[in-house]
């Protein structure tokens, strides 16, 4: 799975895939359910893009990607209070 990480206006593609002894299937499923703009701590290796691609087109950093070894939430943004209020309104 691909995750786009952002810091400020820069983005980098990160790759998370199951790897015995390092990345569990549960970790991949958990990361697949992260909300956009979730703040995460990521540990991994910087590598050239895989699958024969010479560059990453979906990120502002094109020459490399991060192979994720560990990922955990640093924090999450709370749900918008407007969503809850709006859903209870009869419009």
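Per the conditions (1) touching a strand residue (DSSP E or B) at 6+ places or on another chain (Cβ under 8 Å); (2) at pLDDT 85 or above, the sole criterion not satisfied by residue 75 is (2). Of the residues that make up region 51-70, is at least one in a helix (DSSP H, G or I) and either surrounded by fewer than 15 Cβ atoms within 10 Å (Cβ to Cβ) or on the phi > 0 side of the Ramachandran plot (or both)? Within region 51-70 (the criterion being in a helix (DSSP H, G or I) and either surrounded by fewer than 15 Cβ atoms within 10 Å (Cβ to Cβ) or on the phi > 0 side of the Ramachandran plot (or both)), the answer is no, since none of the residues qualifies. Quickly run through region 1-21 and pick out the residues that are more than 23 Å from residue 62 (Cα to Cα) and exposed (fewer than 13 other Cβ atoms within 10 Å of the Cβ). Of everything in region 1-21, those that are more than 23 Å from residue 62 (Cα to Cα) and exposed (fewer than 13 other Cβ atoms within 10 Å of the Cβ) turn out to be 20, 21.
Taken over region 22-45, the residue count meeting the criterion of being loosely packed, with under 12 Cβ neighbours inside 10 Å and over 10 Å from residue 69 (Cα atoms) is 10. Taken over region 28-46, the criterion of being in contact (Cβ under 8 Å) with a residue 24 or more places away in the chain and touching a strand residue (DSSP E or B) at 6+ places or on another chain (Cβ under 8 Å) is satisfied by 31, 34, 38, 39, 40, 41, 42, 43, 44, 45.
The values are calculated or read from the model by the stated rules, or taken from the named source; none is laboratory data. The structure displayed is predicted, hence computed values, not measured ones. Positions of Cβ are generated from backbone atoms using ideal geometry, with glycine treated the same way; all protein chains shown enter the neighbour counts.
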